[in-house]
Amino acid sequence: MAGEPQKDCLFCKIVEGHVPATIVRQTDTTVAFRDINPQAPVHILIIPKVHYDNAAALAAGAPEIAADVLREAQAVADDEKLESYRTVFNTGPGAGQTVFHAHAHILGGRGLQWPPG
Ligand code: 5GP
Ligand code: ZN
């Protein structure tokens, strides 16, 4: 069911503490941790504690938590002293989504090209 923990979901396991992660921030509804394969000097993932397959499903099913994720993006950027940063939600394998638990990538600490690849 939407919002329920998924048995085989890596990010649900991080929320539950069953898989270790370098957690940088937590709220009642979100967890932020460093990406294991960083694509920039700062690369942090922000996830809702509840399971939704992607950002749009989260926004449809729990809009207040989708807003929490976006608020946390700025909080992470402030903690990391990022003046500029990019927030990315990959949706679908063709866009590079590999973990099907909604997450925002926060990328910063270097120049970021636009348009992205
Ligand atoms: P996606 O490709 O789905 O947009 O993003 C998934 C991200 O999760 C990737 O950037 C990948 O490096 C990261 N990732 C995959 N496995 C782990 C893990 O076990 N720990 C952490 N911290 N990040 C992970
Ligand atoms: Zn999950």
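For the reader, a short list of remarks on this structure follows.
- Rounded to the nearest 10 degrees, the inclination of helix 63-79 to the longest alpha-carbon principal axis of the chain is 30 degrees.
- Accessible area per residue, Å², the stretch 10-108 with all protein chains present, probe 1.4 Å: 51 Å²
- Ranked by how many other beta carbons lie within 10 Å on average, peptides 105-112, 77-84, 43-50, 65-72 from highest: 43-50, 65-72, 105-112, 77-84
- Surface share of carbon and sulfur [accessible, 1.4 angstrom probe, percent] for the stretch 10-108: 54 percent
- Unit Cα scatterers, Debye sum, the chain: log10 I(q)/I(0) for q = 0.17, 0.23, 0.24 Å⁻¹: -0.81, -1.46, -1.56
- For the stretch 17-81, a Kirkwood radius taken over Cα pairs fed into Stokes-Einstein (10 °C, viscosity 1.306 mPa s) yields D = 128 µm²/s.
- Stretchable slack from Glu80 to Ile36, in nm (0.36 nm times residue separation minus alpha-carbon distance): 14.1 nm
The values are calculated or read from the model by the stated rules, or taken from the named source; none is laboratory data. Keep in mind that what you see is a predicted model, and the values were worked out from it rather than measured. No Cβ is skipped: glycine too gets one built from the backbone with ideal geometry, and neighbour counts run over all protein chains shown. Only protein heavy atoms, including side chains, enter the accessible area calculation; ligands, DNA and RNA are left aside. Shrake-Rupley method; radii C 1.70, N 1.55, O 1.52, S 1.80 Å.
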